[in-house]
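Report on one structure; see the data block that follows.
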Amino acid sequence: MLLVAWGVGVAGAAWGAASFSALRRERAALADVTRAAKRLVAGETHVVAPGAPGGPGELAFLVNELGNRVRTEHIRIHPDRVFEQAMLRETPNGLMVVDGRGIIRGVNPAGRNLLDWASEPVGTVASASVPLPDLAAVLREAADSREVRERSTRYGARDLLVRGLPLADGGGTLGVVLDITSVVAAERVRREFVANVSHELRTPVTAIVGYAESLEDENLTPQARALLAPLVRNALRLSRLCEDVLALSVLEARAADFPTENVDIVPLLDEVVDLLRDTAAARKIRLRVDAPGPTMARLNAEAFTASLQNLVDNALKYTPEGGDVQVRVSVEGKNVDVAVVDTGPGIAPEHHSRLFERFYRVDAGRSRDAGGTGLGLALVKHYCRAMGADVSMQSTPGTGSTFTLHLPAADLGEAR
Ligand code: ADP
């Protein structure tokens, strides 16, 4: 009896220890499954490693299976949403949505990375929490104007292009942040290369022009003189090309470096016209200034004179002998217009939109014969941009062309 009782006692203790540890294992497994279920709800798949069949391990397997089926079903029912979410998650472009009340409704992972938000942005007021002032500005401007607004800016070590786009639905705004650091760096390398090449070419080309021109004074045979003429002409053309390319790259590099001031433009017009008077006389062209009297405009004198000189030079180049070139000033409200009007051949409408591009020429042969480089109007456009002015053209083929510099009138508040 005692033996039986002892046997039962030992068996009971052994069962108790075994069942207790099994219970602990099951509890731990259940806790794992609960955690896994929570991850499933958050949209993840394969959330538990399946264990041995028959116990909680099988449950884990079933939970995983369930997760896969839910996901497959979700993709089947909402394929577009799944792909859209993948695009939002994987794109390197920062994206954020602001609702009609200015509250941030969503920011994708790239948007979070590029802008280094100090705290969770979703649900906050965009104007207060967007860490980049230029982005906050384009979002506000796009919301107010209902038009796309864009600007490039620097944020830490990055160059960014920020854009605000009004959304058709619900009056919200989409903010886009593009990392353009490598594009800006490549652009700088290109600009410096072009500037260096033209700078290096300048000295030997100047020497060639000098020697070739001094040969003209020598006692040459007619054959030698006939060979020298194209040599001088082409050397001069090359020299002008170097100067224009250099000017253009310098202009791009220091675009923000053309401070404007209130200036009477009439002495500047006279200066340019005086400089080109001999050229006009040689081509038998009447060159005149028509200004109502002293006219104050806001400009950078260097950029303005260079632009005007290019326009008058072109007018003289392309207008046939006996024609007229007039520099006309007109003031309308807060705008001062300086127009260069010629009686030349005019320019057909199909060329108008491309005329200010580098090396764009209506008639390349004619431009070359006239000593043109194809860069004059591109320079004018850049000079205007650098001083906050604008340039436009009108032309009627067979009648003539008018190129107009649009300047802001003088800021009288400052002039006083
Ligand atoms: P280019 O050195 O060839 O003159 P520009 O950039 O100054 O280069 O001008 C581009 C082209 O525009 C010229 O090649 C010419 O075909 C045309 N153009 C410019 N100004 C005039 C003008 N006043 N009349 C007719 N054509 C012009």
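Before moving on, here are some points about what is shown:
- Residues that are within 8 Å of the ligand (Cβ to nearest atom) and of a type in the set (Lys, Arg) within the range 312-333 comprise just one, Lys317.
- Filtered by the rule that a residue be within 20 Å of Val189 (Cα to Cα) and among the hydroxyl-bearing types (Ser, Thr, Tyr), the range 225-250 gives a lone residue, Ser249.
- Hits in the range 128-163 - residues which are surrounded by fewer than 15 Cβ atoms within 10 Å (Cβ to Cβ) and part of a helix (DSSP H, G or I): Ala128, Pro133, Asp144, Ser145
- Subset tally (residues that are near the ligand (Cβ under 9 Å from one of its atoms) and charged (D, E, K, R)) for the range 334-353: 1
- Within the range 297-312, the set of residues being in contact with an Asp or Glu (Cβ under 6 Å, 6 or more places away or on another chain) and buried (at least 24 other Cβ atoms within 10 Å of the Cβ) is empty.
Let's see how each residue does on (1) at pLDDT below 95; (2) within 14 Å of the chain's Cα centre (by Cα); (3) basic (Lys, Arg):
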| position | (1), (2), (3) |
| --- | --- |
| Val107 | no, no, no |
| Ala118 | yes, no, no |
| Ala128 | yes, no, no |
| Leu139 | no, no, no |
| Arg146 | yes, no, yes |
| Gly156 | yes, no, no |
| Leu174 | no, no, no |
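- Residue among Glu200, Glu252 that is at pLDDT below 95 and either farther than 30 Å from Leu115 by Cα or aliphatic (A, V, I, L, M) (or both): Glu200
- Positions within the range 224-253 being over 16 Å from Ala207 (Cα atoms), among the charged types (D, E, K, R) and in contact (Cβ under 8 Å) with a residue 12 or more places away in the chain, in sequence order: Asp244, Glu252
- Residues that are outside any helix (DSSP H, G or I) and buried (at least 18 other Cβ atoms within 10 Å of the Cβ) within the range 260-290 comprise Thr260, Val263, Ile285, Leu287, listed in sequence order.
Residue-wise test of (1) aliphatic (A, V, I, L, M); (2) in the same structural domain as Thr404 (by TED's automatic domain parsing); (3) more than 34 Å from the chain's Cα centre (by Cα).
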| position | (1), (2), (3) |
| --- | --- |
| His199 | no, no, no |
| Val209 | yes, no, yes |
| Thr221 | no, no, yes |
| Ala224 | yes, no, yes |
| Val266 | yes, yes, yes |
| Val273 | yes, yes, yes |
| Leu276 | yes, yes, yes |
| Lys284 | no, yes, yes |
| Leu287 | yes, yes, yes |
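- Residue in the range 93-101 that is modelled with pLDDT of 90 or more, of a type in the set (Val, Ile, Thr), in contact with an Asp or Glu (Cβ under 7 Å, 6 or more places away or on another chain) and in the same structural domain as Gly172 (by TED's automatic domain parsing) present: no
- Within the range 61-118, the residues that satisfy the criterion of being of a type in the set (D, E, K, R) and either closer than 15 Å to Leu132 by Cα or not in a helix (DSSP H, G or I) (or both) are Asp99, Arg101, Arg105, Arg112, Asp116.
- Output for the range 368-404, where each listed residue is within 7 Å of the ligand (Cβ to nearest atom), buried (at least 18 other Cβ atoms within 10 Å of the Cβ) and part of a loop (DSSP other than H, G, I, E, B): Gly372, Thr373, Leu375
- Looking across the range 171-207, the residues that are in contact (Cβ under 8 Å) with a residue 24 or more places away in the chain and of a type in the set (Ser, Thr, Tyr) come down to Thr173, Thr181, Ser198, Thr206.
The values are calculated or read from the model by the stated rules, or taken from the named source; none is laboratory data. Being a predicted model, the structure only gives us computed values, none of them experimental. We place every Cβ from the backbone using ideal geometry, glycine too, and count neighbours over all the protein chains shown.
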